[in-house]
1. Filter the stretch B:99-147 down to residues that are crowded, with 17+ Cβ neighbours inside 10 Å, without any contact (Cβ under 8 Å) to a residue 60 or more places away in the chain and either touching a Ser or Thr at 6+ places or on another chain (Cβ under 7 Å) or on the phi > 0 side of the Ramachandran plot (or both), then give me how many there are.
2. Taking the condition of being part of a loop (DSSP other than H, G, I, E, B) and without any contact (Cβ under 8 Å) to a residue 40 or more places away in the chain, how many residues in the stretch B:364-394 meet it?
3. Provide a single number: the residues in the stretch B:364-385 that are open to solvent by 20 Å² or more (accessible area, probe 1.4 Å), over 26 Å from the mean Cα position of the chain (by Cα) and facing chain A (nearest Cβ under 7 Å).
4. Do you know which residues across the stretch B:430-447 are within 8 Å of chain A (Cβ to nearest Cβ) and assigned to a loop (DSSP other than H, G, I, E, B)?
5. Would you check if there is a residue in the stretch B:412-424 being within 14 Å of chain A (Cβ to nearest Cβ) and either in contact with a Lys or Arg (Cβ under 7 Å, 6 or more places away or on another chain) or surrounded by 22 or more Cβ atoms within 10 Å (Cβ to Cβ) (or both)?
6. On the basis of being within 14 Å of chain A (Cβ to nearest Cβ) and out of contact with any Leu (no Cβ under 6 Å at 6 or more places or on another chain), does B:ASP485 make the cut?
7. Check whether at least one residue in the stretch A:224-238 is in contact with a strand residue (DSSP E or B) (Cβ under 6 Å, 6 or more places away or on another chain), within 14 Å of chain B (Cβ to nearest Cβ) and more than 23 Å from A:VAL136 (Cβ to Cβ), and report yes or no.
Amino acid sequence: MQGALRSGKFPDGHASVSETSARVRRLVEPLTVPVLSVLTALLVGAGVIAAAGGDPLAAYAGLLEGAFGSARALSETAVWTTPYLLAGLGVACAFQGGLFNIGAEGQLALGAVAAAWAGYGLPALLGGTLPAALHVPLTLLCGATAGAAWAAIPGWLKTRTGAHEVINTIMLNYVALNAVSYLLNGPLKDPTPGNVIARTPLIAESARIPVFVDTLRVHWGFPLALALAALVGWGLERTTLGFAIRTVGASPDAARAAGMNVQRTVVLTMAMSGALVGLGGAIEVTALNHRHELGFSQGYGFDAIAVALLGRNHPGGVVLSALLFGAMRNGATRMQYLTQIPADVISVIQALILLFVAADGLVRRLYRLRGGAAPLTLTRGWGG
Amino acid sequence: MTADLARDPEAHARPDEDRPASSTPSVPPPPSVPPPPPALEARAITRRCPGALANDAVNFVLREGEVHALLGENGAGKSTLMNILYGMVPPDSGEIWRSGRRVTLRSPSDAIALGIGMVHQHFMLIPGFTVAENVLLGAEITGRFGMLDPRRASAEVRALSERHGLPVDPDARVADLPVGIQQRVEILKALHRKAEVLILDEPTAVLTPQEVGELFTVLRGLKARGTSIVIISHKLKEVRAVADRITVMRAGRVVGETTPAEADEQRLATMMVGREVLLTADRSPAQPGDEVLRVRDLHVRDGQGLPAVRGVSFSVHAGEILGIAGVQGNGQTELAEVLSGLRRPTEGQISLAGRDVTTASPRALIDAGLSHIPEDRQRHGLVASYSVADNLALATWNRPPFAAHGVRDEKAVRARAEALVKTYDMRPPNPDALVANLSGGNQQKVIIARELDRPVTLLLASQPTRGVDVGSIEAIHRAIVAARDSGAAVLLVSAELDEILALSDRVAVMSRGEIAAILDASEATREQLGLLMAGARTTP
């Protein structure tokens, strides 16, 4: 307080200088810990690779080449990034509202299976064929709605009974994954003769999101996800709903006293979170796999938590961290091919990143950083 | 709370009196010349906190057998200095001397070993334990095989309390005792550890005026037996009533040392704040209009489901201030929560400007013209991680001028904030400053600026100046009176009798969830209110 008062007394020239530097600091400060966490994780990862008898430099060179070394590498990085980005956005959205959505894995699977059903089943249901301009949005909408509805349940339970969303989102993962497994083995199973795989039929051509170039897998879902990140960022920052979500997240008591409908906001936040995650699953189906198959998810829903945290729950940050995760997952294959170092090392590094980001104080002490932003509140106690 | 009250033995009579009146010791003679030697000394103590000097080369001398008040606003560095003298935080530089010897305090146990005891503002007692168990905690009396010996423990604590004139039942459970007696247990704890120097941090904050009087009697008794006492306070009346000498701190520095004889309240306030301060709110008589708030037979349960408000009825008219006086925890908090829509009543009826709002939501109440200065400003009034500007837009964040069609107008938010920051003289004068970095007084200004920046039908102000510096109190009181004069009905809930008397047109006294009496402010006396607050049913 004293310091702030004194800095306010600087003559004008000083004030503008310190204002500019303050603006730079505001921009750099939130990036410091995530960037240092990634670097530290890569350093420790290098130690792990060396201990396993590999050459860390060669491994990381292979990783880079695999992620960015060619048009195909770049295309695949974008393909991997898309689900990370959407699921990460969803989880970040919930965090902004003070809610910990651990249920992304289940919401993703339900989004995917709903989109798959809409992809192959809707035309028949509506008697005939649908134009792509209608079928694609409808399919995506189905996926988003499924995710939203599923995520809204723990939100509603929280406002109604005080049941904690952490427990309920985890529990609903099991329900969702088993339900999807049933659907894929039962009512929605691909009826092609001789099929023994738990998967849906292929979706109609009219439900498919196109690729840019025939030879590459990168599809229009990627720019769509980027656009959604911008939209979510604008919405949180500039709309009254976003302000309410952030206020409920920062202080539900103050939000209530200010006349905000905390209960409605909580349910809405979870639904929005689930919609984004479900859309992630839907895009995997409509743009990439063209069907849903049991076990298609590479753990996107859980990695999404790491993506959101590394991105500090800011949509711009989530774009960067999703790109990082996409690039690492994609490059890992090439790394393994070139150096015989198992791609699983990448999982270790991703886990380390999450560890360092979560243990923010550890990184600050390691690099002698002063001060620090307000501690990140991930979730509140029971019945909050 | 006043000098006369503290010295008036009549005022000590309390309904739950259960100890001999003869324990009141005689007032000792004034300090002799030459002055007694120092018992505890701080020499050039400096302590840096992030962004500020909490203590800047502070010198402080406590002499043997005196009551020395350390006076200053919140954040002036009083508690930091005392925490240093009690070994809780180390100084960055400077020396501590105890009875002519330089000492180093690494922890409170060092301080205790040197005969220094401290009673913290928030008591460090275990509610489920008895008085004796609490006093002896850490120094338990054991019999054979290390078994506890409760009988001997109880006898020892009884002897200790009688020796020091601090009557208390050693076998009573601390949770069952009133706050004033709990404080006595804290003092006994320190005395049991052979404290010759006693530091009391804001000891009167939670007491009724009568309990304050009793505390001062106890302190004078301890002084007569040779204990040297430091009392930290920001209440001018109390400081003048009890202290032999007064050291005033401001912004981490000692600005002067004086005595109650040399400095009147106005002088002390000026020293504390650094400029002339208006101690009484300047206001004209009320011109009450129509009934705005009407509360009938209201019953409310607290968070534990226990009855907190038990059948309260009153009304507030436009253009008047109804003050609700009472010691903390007598149902005022729950009453204010119900009136602001944060809690549901179990029975009764509330109407605001003729409309039934018994179960209205905060939103509906705000729309009906309620402005609310909540008791817990950190929890209900502000979002600490938001800027001043965003906090100023909090209650009407979704309507013009702050938003239209669901999109926020950040330019309008900022423009309004710039104007309000100027009007209310907030420091720092920066709408982008985070509210978390503001002082208590400035945080409160943010809330008041926001709540009065729209048409006000009813202003509900709960403890509006708690933890607020003297300089800001003046501005806050002016704003409340201005709201009244512009035709708002004002319900003021405050545990500070001074505030109630300075602002109210009528005073309702709450005690144990009921309204003991509603008096005209011009007729109410401090003593009368004090007795009603303490639970007297009829006015004396």
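The values are calculated or read from the model by the stated rules, or taken from the named source; none is laboratory data. Since the model is a prediction, treat every value here as computed from it, not as a measurement. Methodologically, a virtual Cβ is constructed for each residue, glycine included, from the backbone with ideal geometry; neighbour enumeration extends over all protein chains shown. For the accessible areas, the whole protein counts, side chains as well, though only heavy atoms, and no ligand, DNA or RNA atoms are used. Shrake-Rupley method; radii C 1.70, N 1.55, O 1.52, S 1.80 Å.
1. Final tally of qualifying residues: 1.
2. Of all residues in the stretch B:364-394, those part of a loop (DSSP other than H, G, I, E, B) come to B:368-369, B:374-376, B:382-386, B:393-394.
Then drop every residue that is not without any contact (Cβ under 8 Å) to a residue 40 or more places away in the chain, which leaves B:376.
Qualifying residue count for the region: 1.
3. 0
4. Correct list: B:ASN430, B:ALA433, B:LEU438, B:SER439.
5. Yes, the stretch B:412-424 contains at least one residue that is within 14 Å of chain A (Cβ to nearest Cβ) and either in contact with a Lys or Arg (Cβ under 7 Å, 6 or more places away or on another chain) or surrounded by 22 or more Cβ atoms within 10 Å (Cβ to Cβ) (or both).
6. On the way: within 14 Å of chain A (Cβ to nearest Cβ): no; out of contact with any Leu (no Cβ under 6 Å at 6 or more places or on another chain): yes.
Against the criterion (within 14 Å of chain A (Cβ to nearest Cβ) and out of contact with any Leu (no Cβ under 6 Å at 6 or more places or on another chain)), B:ASP485 does not qualify.
7. yes
One line per residue, one yes/no per condition, for (1) at pLDDT 95 or above; (2) outside any strand (DSSP E or B); (3) surrounded by fewer than 13 Cβ atoms within 10 Å (Cβ to Cβ); (4) assigned by TED's automatic domain parsing to the domain that holds B:ILE473:
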position: B:LEU5; (1), (2), (3), (4): no, yes, no, no
position: B:ALA11; (1), (2), (3), (4): no, yes, no, no
position: B:ASP18; (1), (2), (3), (4): no, yes, yes, no
position: B:ILE45; (1), (2), (3), (4): no, no, no, no
